[in-house]
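In what follows, a single structure is set out as structure tokens and then discussed.
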């Protein structure tokens, strides 16, 4: 039976009530973070749906037309996900770039004198995820959850103009439980979609989820197969060297190679992870695999800003799969360049 907008709103309120007691993950102890790592790091902080709904103002366009709020974006996507996949866990949200203001009656007060009820805030960027209950599998000894979510940045919506279509990103993919790394493939990522209403978002989400659902096991098998391809330390060093070289190639040479989203910071994080990551780094007398390479890259992608996180995450999956094909001699896209 199709979920109504009122039911979707009630569902959001229920989820908000469930996670009200969850601490901001930025303040969770180091010991607890090992059991519940963030799905994205960078400069983000955790927030509950209740806070988004009750404490954040909703920005408007310059003609005072209302934008789609962060919480309504979440509600529209979870409505679609519920229809395709079933029951979901409480939503986890990360936000960044706060826009801080004050009510008119407090315009002459010093910042230090403002009461909490005189302050206003909304967050320019949002990333969120929720797991599908019951859809848990194992890849290479690690539990993975089928996960849906989205990304939104008000900076892309040109609020200084009259009302126009707003931009969102939606995804569905498998997430590794031990590290919260999202293994995102191109068929599970919408790219940027432009919507005027919540109904538009729900429709776009339904199209994405309906297309991905029949192939979710194929995606799982594709990721699992990465474990079968070993990468020696010498080969890993070659790949890292090529990743550094790629960034300084002339643009016309880069065009002849696969697209790459990893910069110096991400490459450095991959090297650090290779040495010290307890789950996916090197172990004595053992080679890592393309599965480990994917997770080291995904872990590095967590340092990306919210508005670039999904593209970089998908690029990590493309890169690991491309390296595997190159090692096996099946490369047709130029990934062999990273092995030479």
Distance in nm between residue 121 and residue 284 label points, each 7 Å along Cα→Cβ, equals 4.8 nm
What's the angle, to the nearest 10 degrees (0 to 90), between helix 264-276's Cα axis and the longest principal axis of the chain?
70 degrees
Over the chain, what relative contact order in percent results from Cα pairs under 8 Å that are six or more residues apart?
17 percent
Quickly estimate the mean residue ellipticity at 222 nm for the chain, helices only: each DSSP H run with n ≥ 4 gives -39500 (n - 2.57), and the total goes over all residues, rounded to 500.
-11500 deg cm²/dmol
Eigenvalues of the Cα gyration tensor times 5, then square-rooted: what semi-axes does that give for the range 48-160, in whole angstrom, largest first?
35, 16, 12
Given R₀ = 22 Å, what would the calculated FRET efficiency be for residue 213 paired with residue 165, taking r from the Cβ atoms and rounding to 0.05?
0.25
Long-range Cα-Cα pairs in the chain (distance over 32 Å), rounded percent:
34 percent
Dimensions in Å of the range 119-276 - Rg and Dmax from alpha carbons
19.1, 56
Angle between the Cα long axis of helix 233-246 and the longest principal axis of the chain, 0 to 90 degrees, nearest 10?
60 degrees
Over the range 211-340, relative contact order from alpha-carbon pairs under 8 Å, at least 6 apart, %
32 percent
Taking the simple approach of a point 7 Å from Cα along Cα-to-Cβ for both residue 136 and residue 54, what is their distance in nm?
3.0 nm
Please report, largest first and rounded to whole Å, the three semi-axes of the ellipsoid equivalent to the range 116-200, where each semi-axis is the square root of five times an eigenvalue of the C-alpha gyration tensor.
31, 17, 10
Mind ranking 73-81, 108-116, 311-319 by how tightly packed they are, going by the mean number of other C-beta atoms within 10 angstrom, highest first?
73-81, 311-319, 108-116
Please give the helix 306-327 orientation as an angle from the longest Cα principal axis of the chain, in degrees from 0 to 90, rounded to the nearest 10.
20 degrees
According to a simple spin-label model (label point 7 Å from Cα along Cα-to-Cβ), what is the distance in nm between residue 155 and residue 203?
3.0 nm
The range 229-339: Rg to Rh, with Rh as the Kirkwood radius over Cα pairs:
0.94
Given R₀ = 30 Å, FRET efficiency for residue 111-residue 65 by Cβ-Cβ distance, to 0.05?
0.50
Between residue 45 and residue 256, what is the FRET efficiency for a Förster distance of 30 Å, r being their Cβ-Cβ separation, to the nearest 0.05?
0.15
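Throughout, read-outs are computed from the coordinates displayed, never taken from laboratory work. This is a predicted model, so every value here is computed, not measured. Heads up, the Cβs are rebuilt from the backbone with ideal geometry, glycines too, and the neighbour counts pull from every protein chain shown.
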